[in-house]
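The values are calculated or read from the model by the stated rules, or taken from the named source; none is laboratory data. Since we're looking at a predicted model, the values are computed, not measured. Using ideal geometry, Cβ is built from the backbone for each residue, glycine included, and neighbour counts are taken over all protein chains shown.
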Amino acid sequence: MATSLSNALRDVRARAAAAARSLAGLGGDPQPEATSFAALQDKLSYLSAADVKRVREAYRFADEAHLGQFRASGEPYITHPIAVAGLCADWRLDVQALMAALMHDAMEDCGVTKAELIERFGAQTADLVDGLTKLDKLQFSTREQSQAESFRKMLLAMTRDVRVILVKLADRLHNMRTMDAMAVGKRARIARETLDIYAPIAHRLGLNQTYRELQELSFRFLQPWRHAALSKAVAKARGNRRNVVERIQKDVDQAFGRSKLSVEIYGREKTLYSIYGKMREKHLSFAQVSDIFGFRIVVDELSDCYLALGVLHQLYKPLPGRFKDYIAIPKANGYQSLHTTLVSPLGTTVEFQIRTHAMHAVAESGIAAHWMYKSKGGRGDKDGQEAQRLGAMWLQSLMDIQHETSDAGEFLEHVKIDLYPDAVYVFTPRSKILALPRGATPVDFAYAIHSDVGDHCVAAKVNGEPVALRTELHSGDVVEIIGAPNARPNPAWLNFVRTGRARSKIRHYLKTLETEESQELGAKMLAQALRAEGLALPGDDDADGQTLWQQLVRWTGNRSRDDLMTDIGLGRKVPAIVAKRLAMMMGERGQRPDAVTLSLGLYGGGEATTQVDVVQIDGTEGGTVQLANCCRPIPGDALVGHLGRGEGLVVHTADCAVGRRLLERDGESRMQVVWAEQIGRAFETGVSLLVRNGKGVLAQVAQAVASAEADITYIDMGDERAAETAELKLLVGVRDRLHLADVMRTLRRSPSVLKVARVKP
């Protein structure tokens, strides 16, 4: 799959070479928009005559489909698809992407079918248009659900063909540029959506020019007053600092002239949104933001980057701690540059970015242009291949998340987590670099390596030292994961993992485990309920049995037999009701209750019952079977099970008053539960102690518990600090009732302990 994604990226990128230099131009004024097909055709010089003819056919089709439709501004609707196609032409996308751009709203707004598009323009173009079409025609309970499903569809189409997201970003960019005519509420909603989803996607794919413009437009519509105030402040600062900038540029020109190094020097100005973000993040006033203006140095060869850095550091003093080498360690989206901040003779700090022409193309246009720029020495091609690899890795991670996430809202949540703007760069023990979001932990690192590494992770070392799994990683850390074959994901990991991949893998594992346990439990419960009717569960190895199960599943409204067993195991369906229906269906087929089976079902006796229908627990159960916190059963206790609605089986001790009250209210929820012969772990139970207050009491209690080979997992000392006696409540981990008795005897022998008792509700 990663190979096919790489090929898709390469196919798109291979058609944008002529635009790389123009798109890479400093992030200045955007290319003029096409407002008519004639203006669009002027941008299609890189296409063959046959391809231009196909684009014209798509234009005519779209023009006819949108006839009579107008935008909020009053312009004919067709001007929007033309402008979107023009933006795609600036990126030098191929003929199919341009046709899809012209027809991207035809299916959604004009009732055109995918079959019609396949017949007229081919399957590839139709797939692109379909990937761009929202799911508005389906019924969803909320706007958020509809939006999440539409995003899910678009992102999955993007993993199959990256041109989908390029056309979508062009569509969103033109909509943002022309949004003044919309209602204020709608403008704010679209701007927020753009800032949360589309701008980060553009950044993640390296389309930094598009990313900056989307951010800037979103900021203008979301916070117009602050945007206007900052705009005026920057214009004023631009005038005040003109002499400073000119002086610095003159010094830099002269320094490079003396070095005889061929460079291109550009001025650079921070966007209003990035200035606002820095002011908020660091609690600065506008006057305190020092790097509003900067310079970009573009050179021919990779080695020239470091030579240029030397020239600058000899000219001005570098600011300690402000040098970053993104050439040796590229950003997650393939961005490469040297960043250094210098102090000019006038006392102002100035940031310089140094890169090659190929890196410049990658930095500005990303996935749309970076791999097409070929330098004579071949270095640009290597840059493009690396960035292509990084883009394909992210698209592959989207597919991994999709495979393990059934809910659209959850899928969108995971994708948002992965659209991080900042990253830390860590190393494997073999010196491979991985980019992770800031705040990532060793568990995120483990899942970034491979899902099996994450699933079996038990410990980690950072820079050779053991650390907790929730430890935050920092750039430069060398991380080693320690695994165990029998280990499995811990639900507590969801509280601190940061990557969408890790979160989706953990949730998928836990859901799968819960489903398997629920199915097994549901089958036992249905067998027990059917035994009370004097019947045994029908098999499914013959046609009659299969038909019986199919009819039962249809009656319950489930999709499959496994789905029905899961619902019974989780308490969503009452086993007695399902059993009565199944008994009636079996009676219609001539099956009659068996007296022996009926007696086993009514009285729960006999060896067969304990072997087949009783739920056995050994401590390895997941969330489907829970030990009640009120009585905390341990091996050796008599048990009773209560089937909670939607919460699986809750196990109480037979003498637990809480459990008895639950079963008195709902007798059909009772389940027979016993301990398995082999127990898989220690169990917690409550112990209450009355002790004399004094020095070292807690140490004596802990020593007594430890000498009995038990663990204290929790202790409550109460508030009676000044009293002569105090009550301690402990949670201790024991193997069974005999082990608990041994612990209590050891505690009673302690001189400070006056009374010991097991806590019961």
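So that you can scan it fast, the table gives a plain yes or no per residue for (1) hydrophobic (A, V, I, L, M, F, W, C); (2) touching a strand residue (DSSP E or B) at 6+ places or on another chain (Cβ under 6 Å):
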site	(1), (2)
GLY694	no, no
LEU698	yes, no
VAL701	yes, no
ALA706	yes, no
ASP711	no, yes
TYR714	no, yes
LEU731	yes, yes
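Looking only at the stretch 300-333, which residues are among the polar types (S, T, N, Q) and either within 30 Å of LEU434 (Cβ to Cβ) or in contact with a Lys or Arg (Cβ under 9 Å, 6 or more places away or on another chain) (or both)?
Residues satisfying the conditions are SER303, ASN333.
Within the stretch 615-633, identify whether any single residue is more than 39 Å from the chain's Cα centre (by Cα) and either surrounded by 14 or more Cβ atoms within 10 Å (Cβ to Cβ) or at pLDDT 70 or above (or both), and answer yes or no.
Scanning the stretch 615-633, I find no residue that is more than 39 Å from the chain's Cα centre (by Cα) and either surrounded by 14 or more Cβ atoms within 10 Å (Cβ to Cβ) or at pLDDT 70 or above (or both), so the answer is no.
Within the stretch 533-571, restricting attention to residues that are closer than 23 Å to VAL625 by Cα and in contact (Cβ under 8 Å) with a residue 60 or more places away in the chain, which residue is nearest to the chain's Cα centre (by Cα)?
LEU570
Yes/no matrix, rows are residues, columns are (1) in the same structural domain as ALA308 (by TED's automatic domain parsing); (2) surrounded by 15 or more Cβ atoms within 10 Å (Cβ to Cβ); (3) among the acidic types (Asp, Glu); (4) closer than 15 Å to LEU230 by Cα:
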residue	(1), (2), (3), (4)
LYS250	yes, no, no, no
ASP253	yes, no, yes, no
PHE256	yes, yes, no, no
VAL263	yes, yes, no, no
GLY267	yes, no, no, no
THR271	yes, yes, no, yes
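Mind checking whether some residue in the stretch 238-249 is farther than 28 Å from TYR316 by Cα and acidic (Asp, Glu)?
No, every residue in the stretch 238-249 fails to be farther than 28 Å from TYR316 by Cα and acidic (Asp, Glu).
For the stretch 205-290, give me every one of the helices (runs of 4 or more DSSP H) that falls completely inside it and has 1 or more residues that are free of Cβ contacts under 8 Å to residues at least 40 places away in the same chain and within 39 Å of the chain's Cα centre (by Cα).
Output list reads 208-222, 224-240, 272-282.
Considering only the stretch 474-491, state which residues are touching a Leu at 6+ places or on another chain (Cβ under 9 Å) and modelled with pLDDT under 90. Before you say what the answer is, go through the steps one by one.
So the first thing to find is which residues in the stretch 474-491 are touching a Leu at 6+ places or on another chain (Cβ under 9 Å), and the list is 479, 488-491.
Across the stretch 474-491, the qualifying residues are ARG488, PRO489, ASN490, PRO491.
When the residues of the stretch 316-339 are narrowed to those that are farther than 23 Å from HIS203 by Cα and surrounded by fewer than 19 Cβ atoms within 10 Å (Cβ to Cβ), which ends up modelled with the lowest pLDDT?
Looking at residues that are farther than 23 Å from HIS203 by Cα and surrounded by fewer than 19 Cβ atoms within 10 Å (Cβ to Cβ), I get GLY321.
Could you tell me whether the stretch 67-90 includes any residue that is outside any helix (DSSP H, G or I), acidic (Asp, Glu) and in contact (Cβ under 8 Å) with a residue 24 or more places away in the chain?
For the stretch 67-90, residues outside any helix (DSSP H, G or I), acidic (Asp, Glu) and in contact (Cβ under 8 Å) with a residue 24 or more places away in the chain: absent.
Being in contact with a Pro (Cβ under 6 Å, 6 or more places away or on another chain), of a type outside the set (Gly, Ala, Ser) and modelled with pLDDT of 85 or more narrows it down to one residue among LEU44, LEU98, LEU102, LEU87; which is it?
Values: LEU44 fails: in contact with a Pro (Cβ under 6 Å, 6 or more places away or on another chain); LEU98 fails: in contact with a Pro (Cβ under 6 Å, 6 or more places away or on another chain); LEU87 fails: in contact with a Pro (Cβ under 6 Å, 6 or more places away or on another chain).
None of the other options fit; the residue is LEU102.
Scan the stretch 487-508 and report the pairs whose first residue is over 14 Å from PRO442 (Cβ atoms) and whose second residue is part of a loop (DSSP other than H, G, I, E, B), with Cβ atoms within less than 7 Å and a gap of 6+ or a chain change.
From residues that are over 14 Å from PRO442 (Cβ atoms), the pairs are ARG503/VAL497; SER504/GLU404; SER504/THR405; LYS505/GLU404; HIS508/GLU404.
Which residue, of ARG572, ARG561, ARG554, is within 21 Å of VAL650 (Cα to Cα) and surrounded by fewer than 19 Cβ atoms within 10 Å (Cβ to Cβ)?
Only one candidate passes the filter, namely ARG572.
Would the stretch 3-23 turn up any residue that is farther than 28 Å from GLU364 by Cα and modelled with pLDDT under 85?
No, the conditions are met nowhere in the stretch 3-23.
Cβ-Cβ below 9 Å, separation at least six or inter-chain, first residue in the stretch 577-604 and buried (at least 16 other Cβ atoms within 10 Å of the Cβ) and of a type in the set (Ser, Thr, Tyr), second part of a helix (DSSP H, G or I) and at pLDDT 80 or above: which pairs?
Close Cβ pairs (under 9 Å, with a partner that is part of a helix (DSSP H, G or I) and at pLDDT 80 or above) amount to THR597/LEU530.
Checking the condition among the polar types (S, T, N, Q), modelled with pLDDT under 85, in the same structural domain as TYR59 (by TED's automatic domain parsing) and more than 30 Å from GLU364 (Cα to Cα), which residue from SER150, SER146 passes?
Details: SER150 fails: more than 30 Å from GLU364 (Cα to Cα).
Only one candidate qualifies: SER146.
Only one of ARG498, ARG470 is out of contact with any strand residue (DSSP E or B) (no Cβ under 9 Å at 6 or more places or on another chain), more than 29 Å from ASP563 (Cβ to Cβ) and basic (Lys, Arg); which? Working first, answer last.
Working: ARG498 fails: out of contact with any strand residue (DSSP E or B) (no Cβ under 9 Å at 6 or more places or on another chain).
From the options ARG498, ARG470, the qualifying one is ARG470.
Condition check: charged (D, E, K, R) and over 21 Å from MET359 (Cα atoms). Does GLU269 satisfy that?
Against the criterion (charged (D, E, K, R) and over 21 Å from MET359 (Cα atoms)), GLU269 does not qualify.
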